[in-house]
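The block underneath contains the structure these notes are about, expressed in structure tokens.
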């Protein structure tokens, strides 16, 4: 489902960046000698017109995992402040994702609610939920 959307966006000429959550975590754990390349990639992810993060929550198993929630939040918060849209997927429920990110979990979930419309896929069916917090149109113009 999401891959078809990304393919269509590509053919419509809409620029976006894709990253798997494990790859995102790996960026943060790279050798300091690769810092310049990592900073360049993070800048791309922060500023791309549309960002797609696949498998949020899977990155927790990586080294230095205590820092991952803070870094995920930082990326989301930057994009939120710049009104840049986000697509994301996860195999976690909202509650499990909140617990998964520990102390930062509620903040990460709040940003995801602020920036996105949640589509929950259950046994091949989808059901839509509106964001839990109202988003004033004037203040939040996402693509």
Among the residues of the stretch 4-18, the number that are closer than 18 Å to residue 89 by Cα and out of contact with any strand residue (DSSP E or B) (no Cβ under 8 Å at 6 or more places or on another chain) is 4
What are the residues in the stretch 19-49 that are surrounded by 17 or more Cβ atoms within 10 Å (Cβ to Cβ) and touching a strand residue (DSSP E or B) at 6+ places or on another chain (Cβ under 7 Å), if any? 19, 21, 24, 45, 48
On the basis of being part of a helix (DSSP H, G or I), modelled with pLDDT under 90 and in contact with a helix residue (DSSP H, G or I) (Cβ under 6 Å, 6 or more places away or on another chain), does residue 71 make the cut? yes
For residues that are modelled with pLDDT under 90 and surrounded by fewer than 17 Cβ atoms within 10 Å (Cβ to Cβ), scanning just the stretch 100-116, find the one that is nearest to the chain's Cα centre (by Cα). 116
When only residues in the stretch 74-89 that are in contact (Cβ under 8 Å) with a residue 40 or more places away in the chain and in a loop (DSSP other than H, G, I, E, B) count, which is nearest to the chain's Cα centre (by Cα)? 89
Unmet criterion (only one of (1) at positive phi; (2) at pLDDT 90 or above; (3) buried (at least 17 other Cβ atoms within 10 Å of the Cβ)) for residue 76: (1)
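The values are calculated or read from the model by the stated rules, or taken from the named source; none is laboratory data. Keep in mind that what you see is a predicted model, and the values were worked out from it rather than measured. As a convention, Cβ positions derive from the backbone with ideal geometry for all residues, glycine included, and neighbour counts pool all protein chains shown.
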